[in-house]
Amino acid sequence: MTHEDDAERHAAVQALESSFSELMTTFRRYVAEAAERVSPGMLPATFKTLSVVSRFGPMTLSALAERLAADKGFLSRSISELEEMGLVTRTPDPNDRRSRLIAVTELGHDRLRDARAPHESRLYEALADWSVDEIGNLSTMLHALAVGGVPERN
């Protein structure tokens, strides 16, 4: 690789980093707005907790903490808050009586769906002029980046 190639790669990676920064700012705003729609005053981190349990199904507090790379104490308080609102339940884990499984209730799923709806339509509209292949390629590339892999090349 020549110095010129290296400089081009460096500039391209910096541009990508800038784009990710813009995307993260937009995403943080989305999460804050969605949390507010689920329950006024809900913290974005509590919304993310609810979202993860909804997406991945019933899980223990330890599994949730690992998935979110978050403090168990904070998560325990978030789960208690969500349980008080009727958005999650905690039941004994049949595989480990010392643990409890956290699951989203029907009300929790309904609130999440309603909270996400405005942003889902925005994404759909933003991608309206993209081909299905382009959307699929972006998804493949982002997944590869997230897991530290190399995207499949066709």
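The values are calculated or read from the model by the stated rules, or taken from the named source; none is laboratory data. Note that this is a predicted model, so its numbers are computed, not measured. Keep in mind that these areas ignore ligands, DNA and RNA; they rest on the heavy atoms of the full protein, side chains included. Shrake-Rupley method; radii C 1.70, N 1.55, O 1.52, S 1.80 Å.
At 1.4 Å probe size, with the rest of the protein present, what percent of the exposed accessible area of region 27-154 is carbon and sulfur atoms?
Percent of accessible area from carbon and sulfur atoms in region 27-154: 53.
Which value, in Å², gives the accessible area per residue of region 1-43 when a 1.4 Å probe is used on the protein heavy atoms?
With all protein chains present, region 1-43 gives 78 Å² per residue.
Taking the 0 to 90 degree range and rounding to the nearest ten, how far is the long axis of helix 132-147 tilted relative to the main principal axis of the chain, both from C-alpha atoms?
Relative to the chain, helix 132-147 is tipped by roughly 70 degrees.
Starting from the Kirkwood radius over alpha-carbon pairs of the chain, derive D by Stokes-Einstein at 25 °C in a medium of 0.890 mPa s and give it in µm² s⁻¹.
For the chosen part, D equals 135 µm²/s.
Collect residues whose amide H, placed 1.01 Å from N in the peptide plane, falls under 5 Å from the amide H of D93; neighbours closer than 5 in sequence don't count.
S99, R100, L101
For region 59-145, compute the orientation-averaged projected area of the C-alpha convex hull (one quarter of its surface), in nm².
With every direction weighted equally, the projected area is 8.0 nm².
Decide, for region 36-87, between rounded, prolate and oblate: order the square roots of the alpha carbon gyration tensor eigenvalues as a ≥ b ≥ c, take rounded if a/c falls under 1.5, and otherwise choose prolate if a/b is larger than b/c, else oblate.
Note, shape of region 36-87 comes out prolate.
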